[in-house]
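One structure is given below, encoded as structure tokens.
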Amino acid sequence: MATYPELMHTALDATDARGLAEFYRQLLGLRYRPGDEPAADGVEDDADWLVLVDADGRRKLAFQKVDVLPRSTWPDEGVPMQLHLDFAVPRLDELQRHKKRAEDLGATLLLDRTEEEGEPLYVLADPAGHPFCLLVGKA
């Protein structure tokens, strides 16, 4: 029987790895991998690599510090999306709630496609400019 590589996590580049990890930690209810937590003394760190895990300790997202990251200009073609994440919610009211939560955490709205019956969605950008979709659908 053939074996295949397993997806370990999706890694996102960011000029502020801690800030972006914290955005997704709060947005998705994840936690830091042991050893990646912020310093207890509140001192800002300059982490180069961080991993977020779910409640069972499975890796979900990783964040890698880079010096320069051109912000996506999508839907304009200047700087493409490069990568995007899709997050499904079960109902339209949940879509609205999670959009507001994302914006409260620092996301910006790029596209509102909630009028479409088949798959209402929002495209937002995280604080580092990576587009992600919130949509009504099944994960």
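The values are calculated or read from the model by the stated rules, or taken from the named source; none is laboratory data. Please read these numbers as outputs of a predicted model, since none were measured by experiment. We place every Cβ from the backbone using ideal geometry, glycine too, and count neighbours over all the protein chains shown.
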Exercise. Please specify each residue of the range 72-88 satisfying the condition of being surrounded by 12 or more Cβ atoms within 10 Å (Cβ to Cβ) and over 25 Å from VAL136 (Cα atoms).
Key: VAL79
Exercise. Considering each residue of the range 24-49, count those that are closer than 17 Å to LEU69 by Cα and either buried (at least 16 other Cβ atoms within 10 Å of the Cβ) or not aromatic (Phe, Trp, Tyr) (or both), and give that number.
Key: 3
Quiz item: Residue check, LEU110 against (1) of a type in the set (A, V, I, L, M); (2) more than 14 Å from ALA21 (Cα to Cα); (3) in contact (Cβ under 8 Å) with a residue 40 or more places away in the chain, all met but one. Which one?
Solution: (3)
Practice problem: Name the residue, out of VAL51, VAL89, VAL79, VAL136, that is in contact with a His (Cβ under 8 Å, 6 or more places away or on another chain) and either farther than 16 Å from LEU20 by Cα or hydroxyl-bearing (Ser, Thr, Tyr) (or both). | Solution: VAL89
Quiz item: Which of the following residues is in contact with an Asp or Glu (Cβ under 8 Å, 6 or more places away or on another chain) and not assigned by TED's automatic domain parsing to the domain that holds GLU103: LEU20, LEU28?
Solution: LEU20
